[in-house]
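**Student:** I'd like to ask some things about the structure below.
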Amino acid sequence: MNNPDLSVNIGGIEFKNPVLTASGTFGYGEEYSDYVDLNRLGGIVVKGLSLEPYEGNPPPRIVETPAGMLNSIGLQNIGLNAFITEKMPFLRRYDTRVIVNFFGMTIKQYSEFATKISDVDGVAGLEMNISCPNLDKGGMIFGVDPRLTYKVASAVRKATTLPLIVKLSPNVTDITVIARAAADAGADAVSLINTLLGMAIDIDSRRPKLANITGGLSGPAIRPVALRIVWEAAKTVDLPVIGIGGIMTANDAIEFMIAGAHAVQVGTASFVDPDASIKIVDGIEKYCRDKDLTGVEELVGSLRT
Amino acid sequence: MQISGKILYNKELSPDYFRMRIGFQDVVKDIIPGQFIMIRVGDTHDPLLRRPMGIHKVVEDGKGIEILYQVVGKGTFLMSEMRRGDRIDLLGPLGNGFKIDHDMERAIIVAGGIGIAPMMALIEEIKRQGAGEKGQKTKIKVFIGGKTRRDILCVDDLKGLGADVYIATEDGSLGYKGVVTDLLKESITEKDSGFTMFSCGPNAMLKSTTDIALRYNIPCQISLDKRMACGVGACLSCVVKVESLSPTPISYSPYKCVCTDGPVFNAVEIVW
């Protein structure tokens, strides 16, 4: 029996397997360490960080929807310094790749963050969030305009030599335009999709169910949309793509890889089953073995049309 | 800890209120009253998320637990359909429980509706730790309120534990007619300042309880129930605003997580 090679290389980062935990759904790794053997993960994308601590949006911040959930957390985070001193020492103990997800309100904040994180030991790469739907300023504004995407990604590219992944929003008319702008700016990879902008209303009070009124939809409900967008992006740009959106099982992850993703991120599934990402790693390995593949990279973009 | 439990029974106590007993394969040690579990209510994706449930009773030093729940939506409806012998997937015990002073002599418990759920475990623990042989010297007053008599649960159990039970219903179908905090207000006097207060229930009730506790200078711990996705402090969905003066482990934020910083809080911390 062959032992399939699960490793993937994305923008110079060697991942032992193509399964990462998605930003905002896995804290800083520590929160889930009693439930998951972090060493078995391809990588951990940490909760989105900013230069300074950020308090996020008022509650209620969550509402469950059919096969999904809306959140309006608003990027509450401990800030870069606390991350470096309080969270990185823990993460460095594990044999997994740490990807730092970050955001800013201005281009200057993005590039300053990238400069400051570049010297931190144990950071394998950066994921730049230009797609959070829950911020008034910054966040998604950069991710829905190709010129701003290019501008902010170029600035960050100049600020760091770390591998740079740009996380894209699905809340655009044409993902290929934005993905190209990120590629032109020198990104090493794109990850997508972030949450879909959504809303829910309490019909008795006629009030929005989220204090922020709108929020980001995640979970299996969005998977077909995510898969389509990943496929569109993967065939357009000559960069590795990381697929995200409602992945609950290994079969879901394999679909994304066939559509063109080199790796996947598991998000909402961790809430339902903390161990979901590990089950997905095992399931991908089994699939490769059953299909007699030598490595998982054989799957990438293998869609037959 | 992720636990595969087995349902030992699941029965309706009053319309829409159920008590479920779950047995564990291995003993779960050191469960603290006030802690909760996250239950997966089914294998499908709708409903998607786990449901947080306060621990109602610790069975035989951790061989299992009981939960008390009200059917309010699809998730709890599916729970009510579960049968003896079914497996149930849960995470826990989670969060911080009630803090009980050793040799505590007097406790006031204020619960609204399903808010009585974590109080049974609390009272049992007070009895274990309280003053005198088996906490016999500990005086426990339980104020329990609901819309109607159907919302008043566990009265016999409470009495069986030696608690004095005071009941209020909004429609007057049982006990005092009105909200439980009005009954509390009428019953409490300056002499009660030596009590510790514990409360769980709807927000409005918790706020009134906190006001009363403050007026009489009674220390008060409240247990909050918020919608949450993870239960382990990762998603930051279940936050509550806290007083900026209080020392907080997440000093960057005016928010604390109900799941990992609570669900039991010092009442004066909360910004209502």
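The values are calculated or read from the model by the stated rules, or taken from the named source; none is laboratory data. In this text, all values refer to a predicted model and were calculated from it rather than measured experimentally. Note that we place each Cβ from the backbone using ideal geometry, even for glycine, and neighbour counts take in every protein chain shown. In case anyone asks, the SASA skips ligands and DNA or RNA and just uses the protein heavy atoms, side chains included. Shrake-Rupley method; radii C 1.70, N 1.55, O 1.52, S 1.80 Å.
**Student:** Could you identify which residue out of A:I130, A:I73, A:I84 has the top mean-square fluctuation in a GNM of chain A using Cα springs shorter than 10 Å?
**Tutor:** In this elastic network of chain A, the residue with the biggest mean-square fluctuation among A:I130, A:I73, A:I84 is A:I84.
**Student:** Which is the longest part of chain B that has none of the GluC sites (Glu not before Pro) sitting in a DSSP loop with at most 13 other Cβ atoms within 10 Å?
**Tutor:** It runs B:82-242.
**Student:** From the convex hull of the Cα coordinates of the protein assembly as shown, what is the mean projected area in square nanometres?
**Tutor:** Taking the Cα atoms of the protein assembly as shown, their convex hull projects to 27.0 nm² on average.
**Student:** With label points built 7 Å along Cα→Cβ from the Cα atoms of A:D119 and A:N81, find their separation and express it in nm.
**Tutor:** Label-label distance for A:D119 and A:N81, simple model: 1.5 nm.
**Student:** Shifting gears a bit: Over the C-alpha atoms of the stretch B:178-258, what are the Rg and the largest Cα-to-Cα span, Dmax, in Å?
**Tutor:** According to the Cα coordinates of the stretch B:178-258, Rg and Dmax are 15.1, 44 Å.
**Student:** Right, something else. In a shell of Cβ-Cβ distance under 14 Å around A:R223, excluding A:R223 itself, what net charge do Lys and Arg (+1) and Asp and Glu (-1) give?
**Tutor:** -2
**Student:** Can you give the Rg/Rh ratio of the stretch A:199-305, where Rg is from the C-alpha atoms and Rh is the Kirkwood radius?
**Tutor:** Reported Rg/Rh, Kirkwood definition of Rh: 1.10.
**Student:** Turning to a different aspect of this structure: Which residue fluctuates most in the GNM of chain B (Cα springs below 10 Å): B:S187, B:S199, B:S14?
**Tutor:** B:S187
**Student:** While we're looking at this one, here's another question. Over the whole of A:25-37, what's the average partner chain Cβ count within 10 Å per residue? Rounded to a whole number, please.
**Tutor:** The shielding value for this peptide is 3.
**Student:** Something else about it: Tell me the net charge near A:A234. Cut-off is 14 Å between Cβ atoms, A:A234 excluded, with +1 for each Lys or Arg and -1 for each Asp or Glu.
**Tutor:** Taking every other residue near A:A234 into account, the sum is -1.
**Student:** Hey, another quick one. Tell me, what is a quarter of the convex hull surface for the C-alpha atoms of chain B, in nm² with one decimal?
**Tutor:** Computed as one quarter of the Cα hull surface, the answer is 14.0 nm².
**Student:** Among all cysteines in the protein assembly as shown, which have no other cysteine Cβ under 4.7 Å from their own Cβ?
**Tutor:** If one checks each Cβ against the other cysteines of the protein assembly as shown, A:C132, A:C288, B:C154, B:C200, B:C220, B:C238, B:C257, B:C259 turn up with nothing under 4.7 Å.
**Student:** Report the gain in length on full extension from B:R87 to B:D30: 0.36 nm times residue separation, minus Cα-Cα distance, nm rounded to one decimal.
**Tutor:** 18.2 nm
**Student:** Still on this structure, please answer the following. I need the calculated FRET efficiency for the pair B:D43 and A:E55, taking r as the beta carbon distance and R₀ as 35 Å, to the nearest 0.05.
**Tutor:** In this case the efficiency is close to 0.40.
**Student:** Compute the convex hull volume of the Cα atoms of chain A, divide it by the residue count, and report the result per residue in Å³ as a whole number.
**Tutor:** 124 Å³
**Student:** Between the DSSP loop rule and a limit of at most 10 other Cβ atoms within 10 Å, which trypsin sites (Lys or Arg not before Pro) in the stretch B:74-180 are left?
**Tutor:** B:R83
**Student:** Which value, in square angstrom to the nearest 100, describes the accessible area buried between chains A and B on both sides, using a 1.4 angstrom probe?
**Tutor:** That pair of chains buries around 2600 Å² in total.
**Student:** Based on the Cβ-Cβ distance from B:Q129 to A:R289, what FRET efficiency comes out when R0 is 60 Å, to the nearest 0.05?
**Tutor:** FRET efficiency, B:Q129 to A:R289: 0.60.
**Student:** Shifting gears a bit: I need the peptides A:150-159, B:23-32 ranked by packing, meaning the mean over residues of other C-beta atoms within 10 angstrom, with the highest value on top.
**Tutor:** Those peptides, ordered most packed to least, come out A:150-159, B:23-32.
**Student:** Return the average number of partner chain Cβ atoms within 10 angstrom of each residue Cβ along peptide A:269-276.
**Tutor:** 5
**Student:** On the Cα set of the stretch B:92-168, report Rg and Dmax in Å, please.
**Tutor:** Gyration radius and largest Cα-Cα distance of the stretch B:92-168: 12.6, 37 Å.
**Student:** At a 1.4 Å probe, what is the % contribution of carbon and sulfur to the accessible area of the stretch B:183-272?
**Tutor:** 51 percent
**Student:** Probe radius 1.4 Å, ligands and nucleic acids left out: which of B:S80, B:S4 has the largest accessible area, and how do the rest follow?
**Tutor:** B:S4, B:S80
**Student:** Also, quick follow-up: What helices does chain B have that are whole DSSP H segments, at least 15 Å long along their own axis by Cα, and with mean Kyte-Doolittle hydropathy of -0.5 or more?
**Tutor:** Flagged H segments are B:117-129, B:203-215.
**Student:** Net charge near B:P254: determine it from the other residues with C-beta under 14 Å of the C-beta of B:P254, scoring Lys and Arg +1 and Asp and Glu -1.
**Tutor:** With Lys, Arg at +1 and Asp, Glu at -1, the neighbours total -1.
**Student:** Continuing with this model, one more query. At 7 Å along Cα-to-Cβ for each site, give me the label-to-label distance between B:K11 and B:L214 in nm.
**Tutor:** 4.4 nm
**Student:** Also: Scan chain A and note any complete DSSP helix (H) whose C-alpha atoms cover at least 15 Å along its axis and whose Kyte-Doolittle average is 0.0 or more.
**Tutor:** A:223-236
**Student:** Still on this structure: Quickly work out the A:D174-to-A:L303 label distance, labels modelled 7 Å from Cα along the C-beta direction, and quote it in nm with one decimal.
**Tutor:** Spacing of the two 7 Å Cα→Cβ label points: 1.8 nm.
**Student:** For chain A, what is the relative contact order in percent, using Cα pairs closer than 8 Å and at least 6 residues apart in sequence?
**Tutor:** For chain A, the relative contact order is 21 percent.
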